[in-house]
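Worksheet: the structure to be examined is printed underneath.
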Amino acid sequence: MSIIHRQFWSKKEEFLDSSNGIPTDVTFVIEDNNADQAQEVKAHKMFLAVASPVFRKMFYGSAKDTRDVIPVKETTKEAFETMINFIYETDIDWETKSIVELFYLANMAKKYLIDEMIECVQNVLATMPLSLDTVVETAETAEEFNQFEETSEALLDHCAMFLKSQLTTASSCFKFAAQYSDTDMNLTTLKLLGKIADLEEEELKIEMEKEKELKKCPAGHPLMLDTVQRGRWRCNSKLPSCNCFPKYALYASTIRYRCLTCDFDNCEPCYKT
């Protein structure tokens, strides 16, 4: 790609300014029921078509839309304008976006098949700051937007992971549930606690699978990598190929795999045999 081309594509945001001499050629009218009047967002068809296959078909497909003014429903001007800014690679302050705004953005990204924006929104939701005072309310908002299943579940999982780190005992879980038992968020609270149980079960399954993959001592216990300095030790392997058997002069710096139950040790070569 030539220097001219690189400069052109790297400065797309400058073309949103009408003073640059290249006028926009499409106007979107946002029909927001919560706004007093229809609001406009202007753009260039070519830039939108490059970023989205939906816009490409809309403007350049066999049944292209030749209108210069296109109505847009079921969103807000802020959400649609942010999507346009994302396409033009304008800096976006994601931290100032509310959860509701982020769900509108996820809807726009999905509607116009802008995968990078979908991923970006989900990453913002997955790292959203939470506290014990806000986590249930945040989860409640995710439930309200459950028509966006993937995004809603990502935020619910984030809330559950946070709660799991805070509620470390059965007593704390019961106490937390009691706080919301007589509120409209009772069901959401119970769903979050259920997700914590699911997460713990999944973690247990992963640990069990890992344990299956571990080599066992003769008594059937898993051998774990031991890096603690413990002085001299011997490999208990009776393999003819074991270079260290029956020597005792193995130092702590040697890698060993140890059974914590019956003190059975393997040197690294024997463990991997």
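What to note about this one:
- Ordering of 194-204, 139-149 by packing [mean C-beta count within 10 Å, highest first]: 139-149, 194-204
- For Arg256, the residues whose modelled amide H falls within less than 5 Å of its own, excluding neighbours fewer than 5 places apart on the same chain, are Asp226.
- Given Lys238/Lys272; Lys164/Lys205; Lys97/Lys205; Lys175/Lys195, the pairs whose alpha carbons are separated by over 25 Å: Lys97/Lys205
- Stretchable slack from Thr273 to Glu202, in nm (0.36 nm times residue separation minus alpha-carbon distance): 22.5 nm
- In a simple Cβ point-charge model (Lys, Arg +1; Asp, Glu -1; nothing else charged), segment 77-196 has a dipole of about 480 debye relative to its Cα centre.
- Sequence ranges 114-126, 90-102, 155-167, ranked by mean other-Cβ count within 10 angstrom, highest first: 155-167, 114-126, 90-102
- Accessible surface of segment 53-189, 1.4 Å probe, proportion on carbon and sulfur as whole %: 50
The values are calculated or read from the model by the stated rules, or taken from the named source; none is laboratory data. The structure displayed is predicted, hence computed values, not measured ones. Neighbour counts run over all protein chains shown; Cβ positions are idealised from the backbone, glycine included. Ligands, DNA and RNA are stripped out before the accessible areas are found, and what is left, the full protein with its side chains, is counted by its heavy atoms. Shrake-Rupley method; radii C 1.70, N 1.55, O 1.52, S 1.80 Å.
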